[in-house]
Amino acid sequence: MLLKEQLQKLSLVKLKNAKTLLTNKSYDSSFYLCGYAIELALKSRICTTLQWDGFPSTRKEFQNFNSFKTHDLEILLRLSGIEKKIVMDYILEWSEVINWNPEIRYDPPGTIDKEKAQLMINSTQTILEAI
């Protein structure tokens, strides 16, 4: 089980690493890590909403919670209990963040340019503050 506090810390570390990657012109990787920062923050928020100490992380822990075993940011947002707030108050940022999925790791290098990576970082930071 990943404790709620661990998820929050990991989320901030992923954002920090994404900023470092942007500085070093690794735009694809920067964009990619931002998605995981959002995913981890949403999973932490789900724990808060459901009053869980942590989020399932093993096959056994997920046994009765298969719908929670996802990287889909839309599903995680819905499960978090703050969907309405995010969609209403942060639609521009959410519209950028929702373009992420873990499969982009297979995209050819150079798919993401500096501007798109910077926009993702800015949007991620705003969403993380809202979560």
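Laboratory data are not the source of any read-out in this text; all were calculated from the coordinates shown. The structure presented is a predicted model; accordingly, all values stated were derived computationally and were not measured. Reconstructed Cβ throughout: ideal geometry from the backbone, glycine too, with neighbour counts over all protein chains shown.
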- Item | Rounded if a/c under 1.5, otherwise prolate or oblate - region 20-95, Cα gyration tensor axes | oblate
- Message: Give the lysines reachable from Lys16 as a straight Cα distance under 30 Å; neighbours fewer than 8 places away on the same chain don't count.
- Response: Lys4, Lys25, Lys43, Lys69, Lys84, Lys85, Lys114, Lys116
- Task: Name the shape class, rounded, prolate or oblate, that the alpha-carbon gyration tensor gives for region 1-45, where a ≥ b ≥ c are the square roots of its eigenvalues, rounded holds for a/c under 1.5, and otherwise prolate holds if a/b is larger than b/c and oblate otherwise.
- Result: prolate
- State the extension gain, in nm to one decimal, for the chain segment bounded by Ile104 and Ser57, taking 0.36 nm per residue of separation less the distance between their alpha-carbons. 14.7 nm
- Item | Charge dipole magnitude, Cβ of K and R +1, D and E -1 - region 2-130, Cα centre, debye nearest 20 | 380 debye
- Could you tell me which label, among (1) 10, 36, 34, 15, 4, 0; (2) 13, 45, 32, 10, 0; (3) 13, 46, 34, 6, carries the value of P(r) over Cα pairs in 10 Å bins from 0, in percent calculated for this structure? (2)
- What does the charge add up to near Leu21, with Lys and Arg as +1, Asp and Glu as -1, over the other residues with Cβ less than 12 Å from its Cβ? +4
- Item | Potential lengthening between Val13 and Lys25 on full extension [0.36 nm per residue; Cα-Cα distance subtracted] | 2.5 nm
- Task: Grab the other residues whose beta carbon is less than 10 angstrom from that of Leu76, score K and R as +1, D and E as -1, and report the net.
- Result: -1
- Find how much the distance from Leu92 to Thr48 grows on full extension, using 0.36 nm per residue of separation minus their present alpha carbon separation; answer in nm with one decimal. 13.4 nm
- Message: Give me the percent relative contact order of region 1-80, please, defined on Cα pairs under 8 angstrom at least 6 residues apart.
- Response: 36 percent
